[in-house]
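The values are calculated or read from the model by the stated rules, or taken from the named source; none is laboratory data. These numbers were taken from a predicted model, which means no experiment stands behind them. Cβ: placed from backbone, ideal geometry, glycine included. Neighbour counts: every protein chain shown. Areas reflect the complete protein model, heavy atoms only, side chains present, ligands, DNA and RNA absent. Shrake-Rupley method; radii C 1.70, N 1.55, O 1.52, S 1.80 Å.
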Amino acid sequence: MTRRRNPGELSMAAIKERVFSGVQPTGNLHLGNYLGAIKRFVDLQTKYDCIYCVVDLHAITVWQEPDELTKNIREVTAAFIACGIDPKRHIVFNQSQVAEHAELAWIFSCVARMGWLNRMTQFKEKAGKDRENASVGLYAYPALMAADILVYRATHVPVGDDQKQHLELARDIAQKFNNDFAAQIAKLGLGQVFFPLTEPLISGPATRVMSLRDGTKKMSKSDASDYSRINLTDGADEIAQKVRKARTDPEPLPSDEEALARRPEADNLVGIFAALADRPKTAVLAEYGGAQFARFKDALTELAVEKLGPIGAEMKRLVQDPKHIDSILVDGASRARKLAAETMKHVKDIVGFVRD
Ligand code: AQP
């Protein structure tokens, strides 16, 4: 991936490269969450210091049954570990255990402009027609997301394509904060910019995995149809059935990407195959171009079962021991808190608050 140049990059030399990302504990973790996010979290561990968060404060922007929420927090943690995130070398924790996220989110709510938030498409989609009844938290969600990232002054954020707009907002907030308080930041000797302009890491063949029932809709946890997604805990039979029933068109698979781009359902299945196999889409088309979907779906099922089977089994094993999972989260939170507290100390000085 070509690296976009970060404005103010030179003066950010003092900011350590660090990865942050999160997943909401809202149930039904699926292949989109895996390929768009968690699989990439795993790969980044060798190159960066990483902080991976179960973003439970985001989850409650829509109603969550308390017992379900607790279960889902543990399940996302189990998914992180089962997919290969190392909680000893990196940090894994749940957001509500580090109060600095909410604290910085308030300050960012005062930096962000109403006009910026009014443009967020995710709020419009999730609030739907009943906007008056949406929670204030759902509207302010992007300010909290900016705080999640910037409380660690993270420089890189791996996410799916649907989060691009929120990341752009995080950059806008960082930039406005740096500008508004430029004199104070310089006076305190904190360099020319305090917050980095975080780079989104959105790349690969599956940055937006689509529903198996409708190639124009994102695969989503909240889709009423379980056949629209492959859950990380699905067994071999469920995976086979869902792939077999996945919507396709009557033509055989094309041989080039240009023709594929005009066929959303075919494009989606080829993208999933490519991401699971760690191969580019062109290589998949070179092998399966001209094949009927039945043959391709058999190969996809085999690959998905091979890759997801061990993850699902390990998740099921890990959630049997909630104490162990909770201890990972408590340990991660205590390490995250130290980093976040350091940032907040500076932020309070920059803003002009009196502190101990
Ligand atoms: N379909 C997807 N394709 C690629 N990446 C995806 N992500 C989500 N869906 C896809 C990425 O997964 C990470 C965690 O997502 P999240 O749990 O924070 O929230 P979400 O995007 O709201 O997930 P859902 O499944 O779409 O939930 P609902 O149904 O509530 O809307 C993020 O990096 C996201 O980009």
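Take every pair of alpha-carbon atoms less than 8 Å apart whose residues are at least six positions apart; their mean separation over the length of the chain yields a relative contact order of 23 percent. Compute the whole-percent fraction of alpha carbon pairs in the stretch 185-286 spaced more than 21 Å apart. Looking at the stretch 185-286, the distances longer than 21 Å represent 46 percent of pairs. Entry note, the stretch 226-318: relative contact order of 40 percent, from Cα contacts under 8 Å with a spacing of 6+ residues. Which percent, nearest 5, of DSSP beta bridges in the chain are antiparallel? About 10 percent, rounded to the nearest 5. Each Lys and Arg adds +1 at its Cβ and each Asp and Glu adds -1 at its Cβ; summed about the Cα centre, the stretch 285-356 shows a dipole of about 300 debye.
Bin by bin, in steps of 5 Å, what percent of the Cα pairs in the stretch 226-318 do you find, going until the bin that has the longest distance? In whole percents, the pair-distance histogram is 2, 14, 25, 24, 16, 11, 4, 2, 1.
Taking the Cα centre of the chain as reference, the dipole from Cβ charges on Lys and Arg (+1) and Asp and Glu (-1) amounts to some 680 debye.
The long axis of helix 322-351 is offset from the longest Cα principal axis of the chain by roughly 40 degrees. In the assembled protein chains, Glu65 presents an accessible area of approximately 110 Å² (probe radius 1.4 Å). Of Thr301, Thr46, Thr207, the residue with the greatest mean-square motion in the GNM of the chain, using alpha carbon springs below 10 Å, is Thr46. For helix 136-150, report the angle its Cα long axis makes with the longest principal axis of the Cα atoms of the chain; keep it between 0 and 90° and round to the nearest 10°. The angle comes out near 80 degrees. For the stretch 1-158, rounded, prolate or oblate, judged on the Cα gyration tensor with a ≥ b ≥ c (square roots of eigenvalues), a/c < 1.5 rounded, else prolate if a/b > b/c? Judged from the Cα gyration tensor, the stretch 1-158 comes out oblate (a/c at least 1.5, b/c at or above a/b). In this structure, the amide hydrogen of Met210, modeled 1.01 Å from its nitrogen in the peptide plane, lies closer than 5 angstrom to those of Met219, counting only residues at least 5 positions away or on a different chain.
Counting only protein heavy atoms and using a 1.4 Å probe, the accessible area of Asp162 comes to about 50 Å².
Shape class of the stretch 232-285 from the alpha-carbon gyration tensor: oblate, with a/c at 1.5 or above and b/c at least as large as a/b. With R₀ set to 56 Å, the beta-carbon distance separating Lys88 from Asp256 gives a calculated FRET efficiency near 0.80. Between Lys16 and His324, what is the FRET efficiency for a Förster distance of 25 Å, r being their Cβ-Cβ separation, to the nearest 0.05? The calculated FRET efficiency here is 0.25. Distance between the modelled labels on Thr282 and Gln165, one decimal in nanometres: 3.3 nm (7 Å Cα→Cβ projection). The angle separating the long axis of helix 164-180 from the principal Cα axis of greatest extent in the chain is about 10 degrees.
The calculated FRET efficiency for the pair Ala294 and Ser222, based on their C-beta separation and a Förster distance of 25 Å, comes to about 0.25. Working note: Karplus 6.51/-1.76/1.60 with θ = phi - 60° gives the stretch 237-252 the couplings 5, 5, 4, 4, 5, 5, 5, 4, 7, 4, 5, 9, 10, x, 6, x Hz, where Gly and Pro are set to x.
Classified by the C-alpha gyration tensor, the stretch 277-339 has an oblate form. Its axis ratio a/c, with a ≥ b ≥ c, is 1.5 or above, and a/b does not exceed b/c.
With bins 20 Å wide beginning at 0, the percent of Cα pairs of the chain falling in each bin runs 29, 56, 15, 0. Working note: 222 nm ellipticity from helices only, DSSP H runs with n ≥ 4, each -39,500 (n - 2.57), summed and divided by the residues of the chain, gives -16000 deg cm²/dmol to the nearest 500. Exposure check, 1.4 Å probe, all protein chains in place: Cys110 carries approximately 80 Å² of accessible surface. Since only Ala304, Leu269, Gln241 are under comparison, the one whose Cα sits farthest along the positive direction of the charge dipole of the stretch 226-318, derived from C-beta charges on Lys, Arg, Asp and Glu, is Gln241.
Computed packing ranks the peptides 37-43, 239-245, 50-56, 194-200 as 50-56, 194-200, 37-43, 239-245, most packed first, by mean other Cβ atoms within 10 Å. Averaging Cα coordinates gives a centre for the stretch 294-353 and one for the stretch 180-257; these two points are 16 Å apart. The share of accessible area on the chain that comes from carbon and sulfur is 51 percent, using a 1.4 angstrom probe.
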